Amino acid sequence: MDLREAILTQPMRKAQIGIVLTCILLTMVDGYEVIVMPFVVPHLARAWALGAVQVGYLLSASVFGMALGAAFISPLADKIGRRRHIMVCLAVITLGMLLSAYANNLPQLIAFRAFAGLFIGAIISSLNILVSEYSSDRRRGTVMGIYGVGLPLGSAMAGAVIGPLILAFFLIGVGPILWVISTTTLRQAVTPRDLLGRVSAINIMATGARPVGAAAGALIGALSGAEACLIVAAIGFLIQAIVILISPATRLAQQPA
């Protein structure tokens, strides 16, 4: 029995569990980095006298970088190896965070946020594949579901740091966290192993649509208030759930050959 077959067929060992936990911690860092900015923006807007358009650019910078990173940087993992790719991305993300802390004006902060976002989008697809490759066939669905907690949990940490906002952040965030866990598990379960990298990169690219959603939310909020935004968001989640439930993916007994 070779190593690959042992990983797939034998019970998961401490080394495999350690790799999965490390990947979860890395996604928590990414989730924290992406979400912490909205909590900082109100104070930053007052200090730098930012307008609504400038705030929009700032909030979109990291997500826009993630979409580009998933499309153009994540494929480099196939050439340099996933371990080296993850280490390089993590180092650059850390650098981007440090540079953001020392930004002196809005253009600098936007550039540093987009720079960090490039490698956040790139690293997530490699982490997805690494977790899947080191999971046994029997436990892969469960492991991927637990792994899916990392990103939203890191986002929740950003809210916890703020203190007074934690209760509201938790109550609003429970639904999306459960949604991420379930959809991640389903996606990993129905995706052939050889296509995991490509599917993960495409999924991260979809985060590039978030600025569009943010713009739509701002427009609805301006016209109809915050309650209307929450209702529209709930309807959107409901539509997605219906699409998944009626799709052929939920009726697959096994992966297609």
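Values as computed for the structure displayed
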read-out: Test: residue in segment 120-138 that is without any contact (Cβ under 8 Å) to a residue 60 or more places away in the chain, surrounded by fewer than 20 Cβ atoms within 10 Å (Cβ to Cβ) and part of a helix (DSSP H, G or I); value: no
read-out: Subset of segment 73-105 [outside any helix (DSSP H, G or I) and within 21 Å of Thr22 (Cα to Cα)]; value: Gly81
read-out: Residue in segment 106-119 that is under 26 Å from Gln16 (Cα atoms), touching a Cys at 6+ places or on another chain (Cβ under 6 Å) and assigned to a helix (DSSP H, G or I) present; value: yes
read-out: Contacts under 6 angstrom Cβ, first residue in segment 233-257 being under 20 Å from Gly217 (Cβ atoms) and surrounded by 10 or more Cβ atoms within 10 Å (Cβ to Cβ), partner at pLDDT 65 or above and not acidic (Asp, Glu), 6 or more apart; value: none
read-out: Residue under evaluation Tyr102, criteria (1) at pLDDT 90 or above; (2) within 30 Å of Trp48 (Cβ to Cβ), criterion not met; value: (1)
read-out: Residue list for segment 89-110, restricted to those being free of Cβ contacts under 8 Å to residues at least 12 places away in the same chain and surrounded by 15 or more Cβ atoms within 10 Å (Cβ to Cβ); value: Ala103
read-out: Of the criteria (1) part of a helix (DSSP H, G or I); (2) surrounded by 11 or more Cβ atoms within 10 Å (Cβ to Cβ); (3) not acidic (Asp, Glu), which one Met12 fails; value: (1)
read-out: Test: residue in segment 62-80 that is without any contact (Cβ under 8 Å) to a residue 40 or more places away in the chain, over 19 Å from the mean Cα position of the chain (by Cα) and over 25 Å from Gly217 (Cβ atoms); value: yes
read-out: Count - residues of segment 65-88 that are crowded, with 16+ Cβ neighbours inside 10 Å and either in contact with a Leu (Cβ under 9 Å, 6 or more places away or on another chain) or within 13 Å of Leu127 (Cα to Cα) (or both); value: 12
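The values are calculated or read from the model by the stated rules, or taken from the named source; none is laboratory data. Remember, it's a predicted structure, so these values are computed and weren't measured experimentally. Counting neighbours? That spans all protein chains shown, and the Cβs are built from the backbone with ideal geometry, glycine included.
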